[in-house]
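A short worksheet on the structure shown next.
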Amino acid sequence: MTPVSLRLVSALALAIGLCASGGASGAASGGASGASAQTAARPPVEQSQSQGRAKNVILFLADAGGVASVHAASVMAYGEPLRLHIQQWPNLGLSETSPVDAFVSDSANGMSAIVTGVKTHNGVISQGPDGERGRRDGTPTQTVLEYAEQHGLLTGVVTDRPITDATPAATYAHSNDRGKWGEIFPQAFSPRFGDGVDVLIGSGRTEIAEQMAANGVSYDSLARAHDRPIYATLEAAPAANRRPVVVAEEIDVRAATLRALDLLQAGDKGYLLVVEWDAHTDDPREGLQNIADLDRLIAEVQSRVDLDDTLMIFTADHSFGLQVDGGRRGQPLLEGYEAWKARDGDERVVRLENVMVNRTHTAEEVPALAIGVGAERVRGYFPNTHLFEVMMKAFGWTPSSGD
Ligand SMILES: [Zn+2]
């Protein structure tokens, strides 16, 4: 297909997506006029639909960032739907997240499926469904990051969460239980392919140290054994270190991502970068703000890459029980938040004026958005394992081919 016809197909796919999401208010025409107003307000992002290979892939993971939360983040941050940068991307699919034996996913199964192409059980980190959580190892499933290492690319993982948390862990580790931080973190230093993750930045410093101590391991012993310092802050990692490992108490995701991007872009064979930002809306303002902040970061990263050789993907590992069921234009979406926050207990359901949050993971499909080389493969409903294939095909790799 010519670039023009591809662009038309994408526009059509986007239009279908808009109609589908416009259902509740009943106004297909409302959805359409909203879209054209949006188009008028902001020119569509220039789209690259090269049929070639991607040199680089960047995967942005909003943990628990379902369709409803992405919508709510736009309304909270900009007062209108469809104002996020990622909502201007041309390719959209709905990614199904279930584990092999249930309908609702946790982060372990959700991310494992995305990065390995194999669905498993909740709680299991990048092992096949032949494993049993906490009891028996399953077959390790090779992650797209391990394929990248095998092919000599640079790799990076950045998260606001503990670097051993299920989502980042699924990229570089294999474990029958997501809770085994003491055995997950050291795996970053004993990679199965290549020289392991090149840039690893996350939080959880104290808790990870405690869990490693139970196994007789410390940051110092690990760093000495592998001749690789483990810094306590991003600022402590010198610019001269091209493969920094940072395990901090808290992470500035923007600063960490831009640092990682600089380091990865210095290589000539290409890179894989995975960025996670927590979007659980147990605290609705925090979760939605994180989505809005991640979205701004994505726009910034996009301005620093060449979409003719790079694929960018945004998705979530599973959805979450947030719903917008009220509100008016010109009024704050999170009316009543401050009062709720002042008396926040451990209630299962948060009831604000316009927003209700059933504080649990939910089963429905999550958005998958893409732009750049190979982005056209992100369309329609698909199991989340498809995103592994999208990344592998973009790189031009066949699973288990070894080269
Ligand atoms: Zn999650």
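Computed from the coordinates by the stated procedures, all read-outs in this text should not be read as laboratory data. Every value quoted in this text rests on a predicted model; they were computed, and no experiment measured them. Note: ideal-geometry Cβ built from the backbone for every residue, glycine included; neighbour counts use all protein chains shown.
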> Hey, what do the phi angles of region 56-72 turn into as Karplus ³J(HN,Hα) couplings, whole Hz, using 6.51/-1.76/1.60 and θ = phi - 60°, x for Gly and Pro?
Replying inline: 10, 10, 10, 10, 9, 10, 8, 5, 6, x, x, 4, 5, 6, 5, 4, 5
> Hey, got the Cα dimensions of region 161-302 along the principal axes, in Å, largest first?
Replying inline: 40, 40, 27
>> What is the sum of charges, Lys and Arg at +1 and Asp and Glu at -1, for the other residues whose Cβ falls under 10 Å from the Cβ of VAL246?
In response: +1
>> Just want to confirm a number: the relative contact order over region 234-356, from Cα pairs under 8 angstrom separated by 6+ residues, in percent.
In response: 16
> What is the order of VAL390, VAL324, VAL199, fewest Cβ neighbours within 10 Å to most?
Replying inline: VAL324, VAL199, VAL390
> What FRET efficiency do you get for VAL100 and LYS341 if R0 is 35 Å and r is their Cβ-Cβ distance, rounded to the nearest 0.05?
Replying inline: 0.40
> How large is the charge dipole for the chain, taken about the Cα centre, if only the Cβ atoms of Lys, Arg (+1) and Asp, Glu (-1) carry charge, to the nearest 20 debye?
Replying inline: 740
>> With a cap of 14 neighbouring Cβ atoms within 10 Å, and only residues DSSP puts in a loop, list the GluC sites (Glu not before Pro) found in region 193-266.
In response: GLU235, GLU249, GLU250
> Can you give the angle from 0 to 90° between the axis of helix 3-21 and the longest principal axis of the chain, with both taken from C-alpha atoms, to the nearest 10?
Replying inline: 70
>> I'd like the antiparallel share, as a percent to the nearest 5, of DSSP beta bridges with both residues in the chain.
In response: 40
> Points 7 angstrom from Cα along the Cβ direction at ASP306 and ASP130: gap in nanometres?
Replying inline: 4.3
> Can you work out D for the chain in µm² s⁻¹ from Stokes-Einstein, where Rh is the Kirkwood radius over C-alpha pairs, the temperature is 37 °C and the viscosity is 0.692 mPa s?
Replying inline: 153
>> Once R0 is set to 30 Å, what does the formula 1/(1 + (r/R0)^6) return for the Cβ-Cβ distance between GLU286 and ASP262, expressed as a FRET efficiency to the nearest 0.05?
In response: 0.60
> So, by mean Cβ neighbours within 10 angstrom, what's the order for 81-90, 293-302 with the highest one leading?
Replying inline: 81-90, 293-302
> Taking only Cα atoms, what is the 0 to 90° angle, nearest 10, from helix 28-41's long axis to the longest principal axis of the chain?
Replying inline: 70
>> For THR139, what residues show an amide H to amide H distance below 5 Å, using hydrogens built from the backbone and excluding near sequence neighbours?
In response: GLY128, ASP130, GLY131
> Which of the listed residues, PHE103, SER221, VAL349, is farthest toward the dipole's positive end in the chain, when Lys, Arg count +1 and Asp, Glu count -1 at the beta-carbon?
Replying inline: PHE103
> What residue among THR362, VAL274, ILE251 has its Cα farthest toward the positive end of the dipole of region 53-395, where the charges are +1 on Lys, Arg and -1 on Asp, Glu, each on the Cβ?
Replying inline: VAL274
> Across region 375-384, in residue order, what do the Karplus-derived ³J(HN,Hα) couplings come to in whole Hz, using 6.51 cos²θ - 1.76 cosθ + 1.60 with θ = phi - 60° and x for Gly and Pro?
Replying inline: 5, 5, 6, 8, 6, x, 7, 7, x, 4
>> For a test of understanding, tell me how many lysine pairs in region 53-395 have Cα atoms under 29 Å apart, given they are 8 or more places apart or on different chains.
In response: 6
> Between ALA236 and GLU80, what is the label-to-label distance in nm when each label sits 7 Å out along the Cα-to-Cβ direction?
Replying inline: 4.6
> Taking amide H positions as placed 1.01 Å from N in the peptide plane, with prolines and chain starts having none, which residues 5 or more places from ARG161, or on another chain, fall under 5 Å of its amide H?
Replying inline: SER203, ASP278
> At a Förster distance of 30 Å, what's the computed FRET efficiency of MET356 paired with GLU249, Cβ-Cβ distance as r, to 0.05?
Replying inline: 0.35
>> Show me, for region 94-105, the HN-Hα J-couplings you get by feeding each phi into the Karplus relation (A = 6.51, B = -1.76, C = 1.60, θ = phi - 60°), rounded to Hz, glycine and proline as x.
In response: 10, 9, 8, 10, 4, x, 5, 10, 7, 10, 9, 9
> What does the helix-only formula give at 222 nm for the chain: each DSSP H stretch with n ≥ 4 adding -39500 (n - 2.57), the total divided by the residues, and the result rounded to the nearest 500 deg cm²/dmol?
Replying inline: -10500 deg cm²/dmol
> Roughly how tilted is helix 284-302, in degrees to the nearest 10 and between 0 and 90, from the longest Cα axis of the chain?
Replying inline: 80
>> If I stretch the segment between ALA225 and LYS393 completely, what's the gain in nm (0.36 nm per residue apart, minus their alpha carbon distance), one decimal?
In response: 56.8 nm
